[in-house]
Amino acid sequence: MKPRIPVSVGVATTTVLVVAGAVTGLLEARIAFSVLIGLPTGILAGAIVATATARIYGTRSQSVRAALEGTAAVGPTFLALAGVRYAIAATRGVLSTTTAIAVALLVGVVVAVLRGRSSE
């Protein structure tokens, strides 16, 4: 299996979440419905990053691929944890948004480190 497409989708998901959240957060004091600007901006950034990742993934060094794979793990992990928090009411006291972000970042770092070591 060629990991180029799953990595591109994962990196795009992470990018959409980060850019949409940042733009929405920066504009919320000035614009009432800042999400209407933040979400399209995040989607556009995600599409650009997905295209770039798909083009360069196979041509870069192992360390760059490992970093891309780690980044690709963050967004889907956060979405999965957010889905668990939404679907299972008992987890809401334990699984806050901050905890989900921290766990997703930890998963990304672990994936990047393990993938970076796998070729050595």
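Bear in mind that the values in this text are calculations on the coordinates, not laboratory data. Computed from a predicted model, the values in this text were never measured in an experiment. Methodologically, a virtual Cβ is constructed for each residue, glycine included, from the backbone with ideal geometry; neighbour enumeration extends over all protein chains shown.
Our Cα-only numbers for the chain put the radius of gyration and Dmax at 15.8, 51 Å. Anyone know which of 75, 25, 42 comes out most mobile in the 10 Å Cα GNM of the chain? Result: 25 has the largest fluctuation of those listed.
Phi angles across the range 5-17 convert, under the Karplus curve 6.51 cos²θ - 1.76 cosθ + 1.60 with θ = phi - 60°, into 3J(HN,Hα) values of 5, x, 5, 4, 5, x, 5, 5, 4, 4, 5, 4, 4 Hz, Gly and Pro given as x. Taking 49, 23, 94 in turn, the Gaussian network model of the chain (Cα-Cα springs below 10 Å) assigns the largest fluctuation to 94. Here the calculated FRET efficiency for residue 34 and residue 61, from their Cβ-Cβ distance with R0 = 41 Å, stands at 0.60, rounded to the nearest 0.05.
With N the number of residues in the range 7-50, Rg(Cα) / (2.2 N^0.38 Å) evaluates to 1.14. The HN-Hα couplings worked out from phi for the range 34-47 by the Karplus form 6.51 cos²θ - 1.76 cosθ + 1.60 (θ = phi - 60°) are 5, 5, 5, 9, x, 5, x, 5, x, 5, 4, 4, x, 5 Hz, whole numbers, x standing for Gly and Pro.
Distant-in-sequence amide contacts of residue 34, defined by a placed amide H-H separation under 5 Å and a gap of 5 or more residues or a different chain, comprise nothing.
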